[in-house]
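Heads up, the thing below is written out as structure tokens.
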Amino acid sequence: LFLSLQLFGTIVWILVASTQVPLPLLQGWVMFVAVTAWFLSIVFLSVFLFGYANRIAVNWNQADFIFHGTTFVFYFGAFLLQAATTSLHHFPRKFNSTTQERILSGREYNISIAASV
């Protein structure tokens with residue numbers, strides 16, 4: 001489970017970082033969640049791989065449940081924010097009265113969909 005969390009967290013990093021960021025606050029939270037979950041899962045995995053779990057008197061089943069439950073809640077919130085950013089694709093951005101440009105280009109829209117999923 002930890003390895004899949006690291007793999008998909010890395011994919012989210014790549015996808016969100018490769019788009020133009022039209023709403024930095026929303027996508028900044030998505031990146032914060034992905035980076036934090038990725039880092040904490042590496043720390044959690046290291047505790048088990050190096051045998052510190054046997055030395056530290058903690059209920060590891062409960063800690064694992066709390067970690068993955070919290071990660072789920074944060075990732076779900078990040079999904080909602082990324083999906084909201086993606087849904088703004090069809091709205092034009094007005095630079096001045098004569099030119100209009102989409103918030104996300106077609107390529108960025110597709111990448112944003114992949115990051116949402």
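The values are calculated or read from the model by the stated rules, or taken from the named source; none is laboratory data. Computed from a predicted model, the values in this text were never measured in an experiment. In this analysis, Cβ positions are derived from the backbone assuming ideal geometry, glycine residues included, and neighbour counts consider all displayed protein chains.
Test PHE32 against the criterion of being modelled with pLDDT of 85 or more and within 15 Å of PHE79 (Cα to Cα), and give yes or no. Taking the combined requirement at face value, the residue satisfies it.
Residue pairs whose Cβ atoms lie under 6 Å apart, separated by 6 or more positions or on different chains, with the first residue in segment 21-45 and surrounded by fewer than 19 Cβ atoms within 10 Å (Cβ to Cβ) and the second at pLDDT below 85 and in a loop (DSSP other than H, G, I, E, B), are PRO22/ILE103. Scanning segment 26-74 for residues that are within 28 Å of LEU15 (Cα to Cα) and hydroxyl-bearing (Ser, Thr, Tyr) yields THR36, SER41, SER46, THR70, THR71.
Taken over segment 47-78, residues that are part of a helix (DSSP H, G or I) and surrounded by fewer than 12 Cβ atoms within 10 Å (Cβ to Cβ) amount to 12.
Give the residues of segment 56-86 that are aliphatic (A, V, I, L, M) and within 27 Å of SER116 (Cβ to Cβ), sorted by residue number. Scanning segment 56-86 gives ILE66, VAL73, ALA78, LEU80, LEU81, ALA83, ALA84.
Total residues in segment 47-92 satisfying the condition of being farther than 30 Å from ASN110 by Cβ and among the hydrophobic types (A, V, I, L, M, F, W, C): the figure is 13.
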